[in-house]
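Written below as structure tokens is the structure these notes are about.
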Amino acid sequence: GQQDCKDFFYCIEENQEHWRDVNQLFSLSTKMFTTCLSCKEVSRQDASSPTPFIMLDCPQTDISISDLIQRNFNEPEIVTDWRHQDGCGQVTNGHHEMKIMNLGEQQFFIIIVRRLTQNTNGSLVINRSNIEMSSNIEIKGGNNILVGFQPIAVIHHDGDVHGDDTFGHYRADILDAKTNQWFRTSDDDEPIAISRITSQGYIYLFKRC
């Protein structure tokens, strides 16, 4: 399907050695770990390779971007019937978390939301749940210190799915740094001032406050 906008960021990721200056603006790594609720010890997992973005599943119900961040980075996910293999060995519950490494050094932060998914029949569908944009977000780093980021751009896609293919058009809502006014852009059309950012965001770009 039409994934060219997302592919742009994949292209940055795959050319890290050639485009170091561009990649370093966005590059980040994450680590995942689970805390056993029985013995309280942490079962660590390997950190991810550097990437210019983080992929998140699109919720099935409407949500704010702040709550989406809270759910994925600031609050642990409860896992049940989980065996702490490298610890107490019990089948118990745990708190699973994802943290961004060196969050305090990040100047930019990019989220791509998986809106194109498959339904129970295996057909491609677009998840149109609303993700309302708030003014700023706060992300909890590995040291539990909150770091603030300001939204500066939201890329969205107007289109539909036919069979195994998608079609449509990309637009971007952009924050003008000088006037603090949001504009909606579309190819070479004149940007239009908007009072409300799209709730159908597909790619979100943030800058550290």
- Please work out which residue is modelled with the lowest pLDDT, limiting yourself to the stretch 98-118 and to residues that are of a type in the set (A, V, I, L, M) and in a strand (DSSP E or B). 101
- Checked the stretch 25-40 for anything open to solvent by 50 Å² or more (accessible area, probe 1.4 Å) and either within 15 Å of residue 91 (Cβ to Cβ) or in contact with a helix residue (DSSP H, G or I) (Cβ under 7 Å, 6 or more places away or on another chain) (or both); matches are 37, 38
- Note down all Cβ pairs under 8 Å where the first residue falls in the stretch 1-18 and is more than 19 Å from residue 48 (Cβ to Cβ), the second is at pLDDT below 85 and surrounded by fewer than 15 Cβ atoms within 10 Å (Cβ to Cβ), and they're at least six residues apart or on different chains. 1/164; 1/165; 2/165; 2/167
- Query: Within the bounds of the stretch 61-81, is there any residue that is of a type outside the set (Gly, Ala, Ser) and in contact with a helix residue (DSSP H, G or I) (Cβ under 7 Å, 6 or more places away or on another chain)?
  - Reply: no
- Tell me, yes or no, whether the stretch 8-24 has at least one residue that is among the hydrophobic types (A, V, I, L, M, F, W, C), within 30 Å of residue 86 (Cα to Cα) and open to solvent by less than 60 Å² (accessible area, probe 1.4 Å). no
- Query: Can you pull out the residues in the stretch 58-83 that are more than 28 Å from residue 41 (Cα to Cα) and either of a type in the set (A, V, I, L, M) or open to solvent by 100 Å² or more (accessible area, probe 1.4 Å) (or both)?
  - Reply: 60, 62, 63, 65
- Query: Using beta carbons and a limit of 6 Å, which pairs, at least six apart or on different chains, have the first residue in the stretch 141-161 and more than 14 Å from residue 98 (Cα to Cα) and the second one aromatic (Phe, Trp, Tyr) and open to solvent by less than 10 Å² (accessible area, probe 1.4 Å)?
  - Reply: 149/109; 149/206; 151/206; 154/204
- Message: If residue 134 meets every condition in (1) modelled with pLDDT of 90 or more; (2) in contact with a helix residue (DSSP H, G or I) (Cβ under 9 Å, 6 or more places away or on another chain); (3) among the hydroxyl-bearing types (Ser, Thr, Tyr) apart from one, which number is that one?
- Response: (1)
- Note on the structure: For residue 99, the lone unmet condition from (1) in contact (Cβ under 8 Å) with a residue 60 or more places away in the chain; (2) within 17 Å of residue 53 (Cα to Cα); (3) open to solvent by 60 Å² or more (accessible area, probe 1.4 Å) is (3)
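The values are calculated or read from the model by the stated rules, or taken from the named source; none is laboratory data. The structure displayed is predicted, hence computed values, not measured ones. Note: ideal-geometry Cβ built from the backbone for every residue, glycine included; neighbour counts use all protein chains shown. Note: areas computed on protein heavy atoms with side chains; ligands, DNA, RNA excluded. Shrake-Rupley method; radii C 1.70, N 1.55, O 1.52, S 1.80 Å.
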